[in-house]
Amino acid sequence: MAQRPQIVRTIPQLRKAVRSWRRRGKTIALVPTMGALHAGHMSLVETAKKNANRTVVSIFVNPTQFGPNEDFSIYPRHEQQDWEMLAKAKADLLYVPSVPVMYSEDFSTNVEVLGHLTSRMEGSTRPHHFAGVMTVVAKLFLQCLPDMAVFGEKDYQQLLAVQRMVLDLDMPIEILAAPIVREEDGLAMSSRNAYLSPTERTLAPRLYQVMQNVAKELSGGRPVNEALYLGRDWLEGAGLRVDYLEVRDANTLLPLEEYVNDPARLLAAVNLGQVRLIDNVPVYPMH
């Protein structure tokens, strides 16, 4: 049986483990998660293992990134199951801090990435979300001091915001992006998929199908506004309530004027029953 990763729950324990690896010249990768791990997370661990000698996975359901009506209290928590999955994936250390370890009672600091990277899409729908994410990620980076950290492309806006924060604050950490992992029917893997009813689960893959069609229209030269209008129509027609469907520059997330002339990203969030699904696909200009 695979050796199970050591579990630590405090900052001194984490730093002690990392220090001992450093002394032996090992490189360290951090994979920040909120637990309820699935194959998508395991692909992040795999990326970490390919690029560093030691892999730390953190599990922390971060209260500051959930809005007042979101699912913090019922967000799935399966520490034992997660630990066993990480053993199979050969992660080296599992860091599971509690809320008091992460946030003292008088905690009063926020780290924010301002401007177009965070103001629209997830930022406009969930106003305090990115401040919560950036603050907890900055704390995890300082607690672990890894050489690199791995984030999935599924949260594309978050990935770009983390890259910006690292650049702006001169953090000596390389950010590695791991591609989206999908179910066989195309649905992007997510811990929240577990909330879907059987009927909703059969509808959910329509999101990816429609996005692929919209990306194809954009690559074929259809104007941005027309393609997005079509896409929203297709999604609503499939029974998905559209939160946003946007095409943005792949590197800056700036809106595109009329046509896709440079690599772009199509990003969407929809609601299906009580579940909010997000996804994104690359869009390549026609040349």
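The values are calculated or read from the model by the stated rules, or taken from the named source; none is laboratory data. Not measured: the values here are computed from a predicted model. As a convention, Cβ positions derive from the backbone with ideal geometry for all residues, glycine included, and neighbour counts pool all protein chains shown. Please note that ligands, DNA and RNA were not included when accessible areas were found on the heavy atoms of the full protein model with its side chains. Shrake-Rupley method; radii C 1.70, N 1.55, O 1.52, S 1.80 Å.
A compact table of results
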item	result
From Leu187, Leu254, residue being surrounded by fewer than 17 Cβ atoms within 10 Å (Cβ to Cβ) and among the hydrophobic types (A, V, I, L, M, F, W, C)	Leu254
Long-range neighbours under 6 Å by Cβ, at least six apart or interchain, first residue free of Cβ contacts under 8 Å to residues at least 60 places away in the same chain within region 22-36, second part of a loop (DSSP other than H, G, I, E, B)	Lys26/Asn53
From Ala17, Ala89, Ala48, residue being of a type in the set (Gly, Ala, Ser) and out of contact with any strand residue (DSSP E or B) (no Cβ under 6 Å at 6 or more places or on another chain)	Ala89
Some residue of region 231-240 being closer than 21 Å to Pro263 by Cβ, surrounded by 14 or more Cβ atoms within 10 Å (Cβ to Cβ) and more than 21 Å from the chain's Cα centre (by Cα)	yes
Index of the failed condition, Val166 passing every other in (1) in a helix (DSSP H, G or I); (2) open to solvent by 60 Å² or more (accessible area, probe 1.4 Å)	(2)
Looking only at region 100-127, and only at residues there that are among the small types (Gly, Ala, Ser), in a helix (DSSP H, G or I) and out of contact with any Phe, Trp or Tyr (no Cβ under 6 Å at 6 or more places or on another chain), the one that is nearest to Leu140 (Cα to Cα)	Ser119
Residue ID - surrounded by the most Cβ atoms within 10 Å (Cβ to Cβ), chosen from residues in region 131-152 that are farther than 21 Å from Thr27 by Cβ and touching a helix residue (DSSP H, G or I) at 6+ places or on another chain (Cβ under 6 Å)	Val133
Hey, Pro68 at pLDDT below 95, open to solvent by 50 Å² or more (accessible area, probe 1.4 Å) and under 30 Å from Asn271 (Cα atoms) or not	yes
Out of Phe130, Phe141, sole residue that is among the aromatic types (Phe, Trp, Tyr) and more than 19 Å from Arg265 (Cβ to Cβ)	Phe141
Lys16 being basic (Lys, Arg), under 13 Å from Leu93 (Cβ atoms) and more than 25 Å from the chain's Cα centre (by Cα)	yes
Qualifying positions in region 229-243 - of a type outside the set (A, V, I, L, M, F, W, C) and over 10 Å from Leu203 (Cβ atoms)	Tyr229, Gly231, Arg232, Asp233, Glu236, Gly237, Arg241, Asp243
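Yes/no matrix, rows are residues, columns are (1) in contact (Cβ under 8 Å) with a residue 40 or more places away in the chain; (2) open to solvent by less than 40 Å² (accessible area, probe 1.4 Å); (3) closer than 24 Å to Leu114 by Cβ; (4) over 16 Å from the mean Cα position of the chain (by Cα):
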site: Asp243; (1), (2), (3), (4): yes, no, yes, yes
site: Glu246; (1), (2), (3), (4): yes, yes, yes, yes
site: Asn261; (1), (2), (3), (4): no, no, no, yes
site: Ala264; (1), (2), (3), (4): yes, yes, yes, yes
site: Leu267; (1), (2), (3), (4): yes, yes, yes, no
site: Val275; (1), (2), (3), (4): yes, yes, no, yes
site: Ile278; (1), (2), (3), (4): yes, yes, yes, no
